[in-house]
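This report concerns only the one structure given below.
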Amino acid sequence: MKVRGEISGTNYAEVRATHIRNEPINWDTPITDVKLSIQTLTSGAITFSPNGYRIDNAHGFLHEHVSGAMVVHQPIQCMTVSGAITTLFRRN
């Protein structure tokens with residue numbers, strides 16, 4: 001699944017999620033069952049540029065990247081896909 005949408009004005013977010021067992025992804029799918037990356041973007045006239053904020057579980061736990069630095073947010077065992085997406089909107 002790959003979805004890109006407007007947050008506000010020129011601020012966008014792109015959510016990429018793949019179920020590790022090739023099953024459908026729902027809002028309540030546990031983060032432990034998906035490979036997840038949420039990237040904020042800024043839209044330009046023709047292209048989108050990364051905006052320095054990302055949430056992913058690439059290191060085995062859900063965490064935030066702020067301008068290249070990794071900031072631990074919350075262990076993935078406690079969250080669902082909807083919880084991860086909600087985290088983006090609370091931070092931006």
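Quick notes on this structure:
- Amide hydrogen neighbours beyond the local backbone of Thr80, cut-off 5 Å, H modeled: Ile31
- Placing pseudo-labels 7 Å out from each Cα toward the beta carbon at Met1 and His59 gives an inter-label distance of 2.6 nm.
- Å³ per residue enclosed by the Cα convex hull of the range 2-91: 94
- Mean separation of Cα contacts under 8 Å (6+ apart) over length of the chain, as relative contact order %: 22
- Residue order, fewest to most beta carbons within 10 Å, for His19, His59: His59, His19
Bear in mind these aren't lab numbers, they're just calculated from the coordinates by the rules spelled out. Just so it is clear, the model here is predicted, and its values are computed rather than measured. Note: ideal-geometry Cβ built from the backbone for every residue, glycine included; neighbour counts use all protein chains shown.
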